[in-house]
Amino acid sequence: MGKVSVRFFARYAELAGCSLSAVNVQTPATVADVISRVREVFPGTQALPPRPLAALNQRQVKLDATVNEGDEVALLPPLSGG
Amino acid sequence: MHLTRHRLEVADLLAEVQSVERGGTCVFLGTVRNDAGVTGIDYSAYEAMAVEEIERILAEAHERWPDARVVLQHRLGLIPVGEASIAIAAAAPHRAEAFAACRHVIEEVKRRLPIWKKEYRIDGTTAWVDPSGRPVAHGP
């Protein structure tokens, strides 16, 4: 098992009840695996869309991207900058 | 300083891009609109990633328009109606590159920056905004 940092922003932080945490997953994992674990640990995040936008170590990635111990996964609501 | 919590100063951005070789300069400002009942918008960001992404966007613009110089600032925090949330200045030898670079950068910002808006309304409610402009959740 490896520890992966998880960040939530904007509405997702409200749903999760926090903006920064960590989950344990079997590594190497995928971003989708991390999100599944997040849904178990933070019940409020069950309201997230089935395939939320995600960033791995500060870059947007697809949900099949590989996650290793110590990585950071960020869950991003639909972007609305500008 | 791509992200700031202070008012955007267009003159400062212009000073960064203008030079005697660059005969065309254009500025884009995104301003908080007075949509029904909206008094202001609170902008929040994944700041570390937003800064990296802005640098990548500007580097890509530089690669595509090497003679142009483009800078941008995005404001965060609660911004009242009528004030700017983003300012982009682009200067190039000729206007076509200045307009093109400026347009490219704002479109990439809209598509890629991890920044979110929460509307504040005159009746005391708030709502997260999705990219289509539709509120997605209401709160007190």
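Details
- Of all residues in region A:9-20, none satisfies being modelled with pLDDT of 95 or more, in contact with a Cys (Cβ under 7 Å, 6 or more places away or on another chain) and under 24 Å from B:TRP128 (Cβ atoms).
- Single unsatisfied condition, A:ASP64 versus (1) more than 22 Å from B:ALA50 (Cβ to Cβ); (2) not in a loop (DSSP other than H, G, I, E, B): (2)
- Number of residues in region A:14-42 that are out of contact with any strand residue (DSSP E or B) (no Cβ under 7 Å at 6 or more places or on another chain), among the small types (Gly, Ala, Ser) and either buried (at least 19 other Cβ atoms within 10 Å of the Cβ) or closer than 19 Å to A:VAL61 by Cβ (or both) equals 2.
- Criterion violated by A:LYS3 - all others in (1) in a strand (DSSP E or B); (2) buried (at least 16 other Cβ atoms within 10 Å of the Cβ); (3) more than 11 Å from the chain's Cα centre (by Cα) satisfied: (2)
- Here the condition is being within 14 Å of chain B (Cβ to nearest Cβ) and part of a helix (DSSP H, G or I); of A:ARG39, A:ARG11, it holds for A:ARG11 alone.
- If the condition is being over 14 Å from B:PHE28 (Cβ atoms), among the charged types (D, E, K, R) and within 14 Å of chain A (Cβ to nearest Cβ), then region B:84-123 contributes B:ARG111, B:ARG112, B:LYS117, B:LYS118, B:GLU119.
The values are calculated or read from the model by the stated rules, or taken from the named source; none is laboratory data. Treat the numbers as computed from the prediction; the structure is a model and nothing was measured. Please note: Cβ atoms are built from the backbone with ideal geometry, for glycine as well, and neighbour counts cover all protein chains shown.
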